[in-house]
Amino acid sequence: FSLVILFSQGCFVYKNGATRATKKTPVKRKRVLTSSSSSLLDQEIICQPFYEAYRQTWSQVNAHIAELQQRSYARTVEHLVNFVAMAKPDELLPTAALLTGINQPDHLSQFDALTRRLHDQQAARVCVLLSRDCSTLKAAVEAMVFGLVEYDAGKIIGVGSGEEEEEHDVVERDHKRLRRSQCTLKQLRSWYENNFPSGHEREQKRRQLVVILPDFEGFSASVLQDFILILSAHSVAMPFVLILGVATAMSAVHGTLPYHVSSKIRLRVFQTQAAPTGLNEVLDKVLLSPRYAFHLSGKTFKFLTHIFLYYDFSVHGFIQGFKYCLMEHFSAGNAFSLCSDYGRALGRIKQLTHIDIECIRRLPSFRQYVEGINDCKRVISVLTDDEYLKKKLPQLLRDCHIHFILFRCALEFLTDLVGDLPHCPLGKLRRELYAHCLNKTLVTSPEFKECWQMLSFLARDEFVAKVKRSLARTEEFLVENVAPLELGQACIALLEPQLKTIYQALNDVFQASMTAKTDKTSPSSTYISQISSRQELKAQILQRSKDDKHRQEENIPTTEFARAVQKTLKLVETHLVQVYLRPLQDAPPIHELFVFDDIATVRRNIIGAPRAALHSALNNPHFYLQCKCCELRDQTHLVGTLPDLTVAYKLHLECGRMINLFDWLQAFQSVLNGGDNVTDDAALEQIDPRIQACFTRAVAELQFLGYIKTSKRKTDHVTRLTW
Amino acid sequence: MEAICGALEPLFPCREVTINTLGELIGDPREAYPSAIYLFGHSGTGKTALTRAFLKECTNRQNVRTAHLNAIECYTTKIMLEILLDSLELDKADPVKADNMLEFLEQLRRWHGVPEAHSQGFLIAVDNAERLRDMDANVLPVLLRLQQLTSLNLCVILLSQLPFEKFYNKTGLSEVISLHLAQYNKMETQRILGSDFVQVRSQLIKKLAKDNRQLGIFKEAMTEDFYNNYLNIFLSVFYKACRDVPELQLTARKCFSIYLEPVLDGTVEANDISRLWRHIAGPLRSALTQIYMRIEKPLEDTEGSASIEDQSVRRLAQSLELPYYAKYLLIAAFLASHNAANQDKRLFVKHHGKQRKRMQTVNAKAKTSDKMSTTLGPKSFSIDRLLAIFYAILEEKVGLTCNLLSQISTLVHLKLLGYVSGEQNIMDGSARLQCTVGLEFVLQIGKVVGFNVRQYLCDFM
């Protein structure tokens, strides 16, 4: 197990640019292994119910997300395909600039989709050029020609070559495995003329040659300028179309291309969906969908979105993070296999062993459940009799499921209700509200009170429209998302009456008049009549203002309308918010099976902290090695049995900016000798060549790790680089 | 020769002199060609088009073998030689190969022995000839003396924007005949633009074919005078900014439809020039800012393209999506680039002690605008300093994680930061970076995250 920790704490840098599209977090690594080859995980594990449940959940979620992303790409891809199809061969090079936003690796899949579309339509040959392949003009041209000519031959055979039978033999003949150095434009031209002859009858469907540069910013300006000049020079003979993926803004394009280059192209700008919008969509439609039994706790949820918004804008990264949570959740034990559809979970109850049942009993919320039972016998049987608990489980699971679905419905209502208030005290997006509601009791929070106050200040029409809209939204949600679920009807049955009462209350608001309520106890207050003296008037006015103040303090609304509004809000509060939007600690028993809340593990394993990991490895190797010899009582201790590198590292921590190598060596020797106080100077001078070798090696390793470097200023000294 | 010149002159108005000179020099393959001709002039003066047309005429009428190549394409000498051999070849039997200049010359000399090559002329045109200077040292001298070396009737035409003096090197070059294509003056430009009148007219007639009424108005209004008037107005706005004829042609056609609109609607008479001018002045001015940018408007959503066109800094900073910490990193980088390192303590540490005022410092502080570091341009800084400032200006506590560090490289990748030195040794901390965005931009980003950048700049203290 220590190996796993070591693995996951190592630093895996995920560079944002498309220069390195490979992500090497442990998440990915595990996934690759689990999905592609089951050889790493034992057959034993794969057969476990928890693994099966995990696989089902993940494949469902993944398919859903993929579908969603496809749909959001579709529009842009459609536009681009049209653009490519419309592009006419001309002196000017048709160019599309796609503003992708800064996380470009995410968009590579979009370009893949575009490539597939174009190949399917037989409209164009496509070549994707990454900036890492194009450091020089020669490399760029060769990569482009190779990509265009060899596309269907090398990688995807099914797409292009199967259908073009009449051209097939030409391709064959032409195709003698091009060498890189042969990939010149001359070659490309002869290839193009061979394969797509420009006869008159075929003039219409001349293949476009599409060159995609997904990371425009990564290209060096001079290479790009020359490249565009070359393409435009050839665009009469070969219909090139250029597609640029621009991460920042159009000014980058104009900044990179001087006039004599930009006058050779015809630029059209396309916009893609912004990354945060994409994420919100994924969150709203997938992660917060009532369809899935698995939920993230408010904190974990916030943590993952935090990484997204504050660090990298990577939707892909977010999904991988979510997947990690999923794996972590399910791998906790077979009891967690119950975290799936209600029907499936019922089937799995039978498979539970004694250990799994114990696992359920140890859940914190289970204790509350037991305490809630007041029959002594039943308590004992719940705690000891597995069969009895198994009988009870379906009801508990059902409660949980219904709780989460209703939670989601109420969230829908609340989001619409408070989402567009000024300053958005509770946040305006569903995800913010979700995290809010799960984390703490909403009703007592000051933000909630602020919201309610703002709502009560709304004008009548506005208020009625708002609540009506929220109701309509919730009902729509019920019909669309909840009704198809297994427990959907039950939930709807629970929720419908509540919504009805709110609706009635709303009707009251609509009919309520604005006049102040007549206070029957003090008729004098309505009319200031029968005033005999100035003092009396003063006293009366004072009395009235006191009454008003009193009423305000008691929060008794003065008008019928205000009372009706208060009543409606109160209804919403008690019937929806208090009942359904309960924080996690008040959720029904065994909700832990459905909610992942182990944020510490996720944080430790998802976020690489290279400096911290290295420091702890060097300072306390026992943490990773788990050996007996390196156990330290205190982190600052130094013993001879530690690895040489650790000793050298710890000694170097005590030094200043410049380190004298000889002093360091002596200290090193004295540590290795186990602190025997060798007072003899001669012995100090005499250094064991073995120790010196160890020391030299440790120093070299420290230099390799970047902690020190040789100094030119002082002989026999090295410079410390970290603090 | 006369035939060639006669064919070309209507195609290239205002270039009669050059065409004649060219015709005299290389118009007849039976006479000896000059060894090399150097043709230079600004972009858009018709060098390439003229040469291309000339070579084509030569090939068609006199059976001269010609080659036209672009020096940019020739990133290795071999490519250039192969293109040359390919297009000069006498019989297209099998592809000839030439790995270096020697083999190339050998190949050409062999043709000399072929009887049919005796009366044959060879013309080679090289576009962007200034690139030849960066190629192998022997390329340019050999090209200039190719006639002498191969004893063929061969002429090399070099096309470039630079005067030939810029080609001189230590070893010296043989003489060439220089021809300068001067920029067109306003009259000439108008004549050239006006020469496509018939084409524009027929194009628009095709476009308006659906609407009979408009077609009638158009046919009546669209006279040579009307078009010339438009071009006159157009050039009065554009000629100062741009003399590139193709560019002007493109823009003129684009704006003509706007000019025509009120006439087609029937609101303005075709000969009411002053009202037409009032109508077109605004669009022309906005088109002036768009010149050379070549941004095409998508047909379907015009309001979307309007936002793209308006590329003010404010919009740019707001439209650029950056993660929260990346924004702070960018601000930190800007501060590091535009403040002296010895001021950091004063700016970013809470209790930085009192600064003693001395006459010297007071005088030094009395900054004039040319001393402002924001106007002097960015200075370089190390990653350590960047991170230190980042942590100082960020109120919350963030761990130094991979995600954060990778943001720096993302910013570099987006060209918002740039490496000044030590790109290779990032590991030992000696790499130095520079912030490449301007003050306006950073101020906007600061506004988005609620951070007052000015407050932390020495210049504004």
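The values are calculated or read from the model by the stated rules, or taken from the named source; none is laboratory data. Being a predicted model, the structure only gives us computed values, none of them experimental. Every residue, glycine among them, receives a Cβ derived from its backbone with ideal geometry; neighbour counts consider all protein chains shown. SASA here: full protein model, heavy atoms, side chains in, ligands and nucleic acids out. Shrake-Rupley method; radii C 1.70, N 1.55, O 1.52, S 1.80 Å.
For the Cα atoms of chain B, what angle does the longest principal axis make with the long axis of helix B:47-62, in degrees from 0 to 90, nearest 10? Around 20 degrees separate the two axes. Taking every residue in A:134-147 and counting other chain Cβ atoms within 10 Å of its Cβ, the average works out to 1. Close amide H partners of B:Leu179, meaning residues 5 or more places away or on another chain with modelled amide H under 5 Å apart, are B:Tyr38, B:Leu39, B:Phe40.
Across the stretch A:288-341, how large is the tail of the calculated P(r) beyond 19 Å, expressed as a percent of all Cα pairs? Roughly 33 percent, rounded to a whole number.
Cα extents for chain B along the principal axes, largest to smallest and rounded to whole angstrom: 92, 70, 46.
Rg over Rh for the stretch A:213-291 works out to 1.18, using Cα positions for both radii and the Kirkwood form for Rh. Against the criterion of solvent-accessible heavy-atom surface with a 1.4 angstrom probe, A:Thr715, A:Thr474, A:Thr256 sort, most first, into A:Thr715, A:Thr256, A:Thr474.
Buried surface for the A/B pair, taken as the accessible area of each chain alone minus that of the pair with a 1.4 Å probe, is close to 4700 Å² in total. Applying the Karplus relation 6.51 cos²θ - 1.76 cosθ + 1.60 with θ = phi - 60° to the stretch A:708-716 yields 3J(HN,Hα) values of 9, 8, 5, 10, 9, 6, 10, 6, 6 Hz, where x marks Gly and Pro.
Rounded to the nearest Hz, the phi-derived 3J(HN,Hα) couplings of the stretch A:588-604 under the Karplus curve 6.51 cos²θ - 1.76 cosθ + 1.60 (θ = phi - 60°) are x, x, 6, 5, 4, 5, 10, 10, 9, 9, 8, 5, 4, 4, 4, 4, 4, where x marks glycine and proline. In this structure, the pairs whose alpha-carbon distance is over 29 Å, taken from A:Lys138/A:Lys709; B:Lys210/B:Lys254; A:Lys712/B:Lys379, are A:Lys138/A:Lys709.
Hey, any idea what % of the stretch A:350-469's accessible area is carbon plus sulfur with a 1.4 Å probe?
Numbers: 3270 of 5950 Å².
That fraction is 55 percent.
Output the pairs from A:Lys285/A:Lys428; A:Lys428/A:Lys449; A:Lys449/A:Lys538 with a Cα-Cα distance over 27 Å in this structure; if there are none, say none.
Working: A:Lys285/A:Lys428 16 Å; A:Lys428/A:Lys449 16 Å; A:Lys449/A:Lys538 36 Å.
Violating the 27 Å limit, Cα to Cα: A:Lys449/A:Lys538.
When the pairs A:Lys323/B:Lys397; A:Lys714/B:Lys345; A:Lys264/B:Lys47; B:Lys56/B:Lys78 are compared against a 21 Å limit on Cα-Cα distance, A:Lys323/B:Lys397; A:Lys714/B:Lys345; B:Lys56/B:Lys78 fall above it. Legend: residues in the stretch A:265-307 shielded by at least 50 square angstrom of accessible surface upon adding the remaining protein chains to the isolated chain (1.4 Å probe, heavy atoms) are A:Leu267, A:Arg268, A:Val269.
Each label was represented as a point 7 Å from its Cα along the Cα-to-Cβ direction; for A:Gln70 and B:Gln148 these points are 7.0 nm apart. Look at the alpha carbon pairs under 8 Å that are at least 6 residues apart: their mean separation over the length of the stretch A:561-680 gives a relative contact order of 16 percent.
The listed residues B:Val349, A:Val223, once ranked by accessible area (1.4 Å probe) with the largest placed first, stand as B:Val349, A:Val223.
Taking every Cα-Cα distance in the stretch A:572-671 and sorting them into 10 Å bins starting at zero, the pair-distance distribution P(r) comes out as 12, 27, 20, 13, 11, 10, 5, 1 percent.
Length gained on full extension, B:Val96 to B:Val198, computed as 0.36 nm times the residue gap minus the Cα-Cα distance: 32.1 nm. Per the Cα gyration tensor, the stretch A:296-454 maps to an equivalent ellipsoid with semi-axes of 35, 22, 13 Å, ordered largest to smallest.
Amide H contacts of B:Thr66 (H built 1.01 Å from N, in plane; Pro and chain starts excluded): B:Leu123 sit under 5 Å, all sequence-distant by 5 or more or on other chains. Annotation: amide H-H contacts under 5 Å for A:Ile212 (H modelled 1.01 Å from N, sequence separation of 5 or more, or interchain): A:Cys127, A:Val128, A:Leu129, A:Ile243. Shown in residue order for the stretch A:378-385 are the 3J(HN,Hα) couplings computed by the Karplus curve 6.51 cos²θ - 1.76 cosθ + 1.60 at θ = phi - 60°: 5, 4, 5, 6, 5, 7, 10, 8 Hz (x for Gly and Pro).
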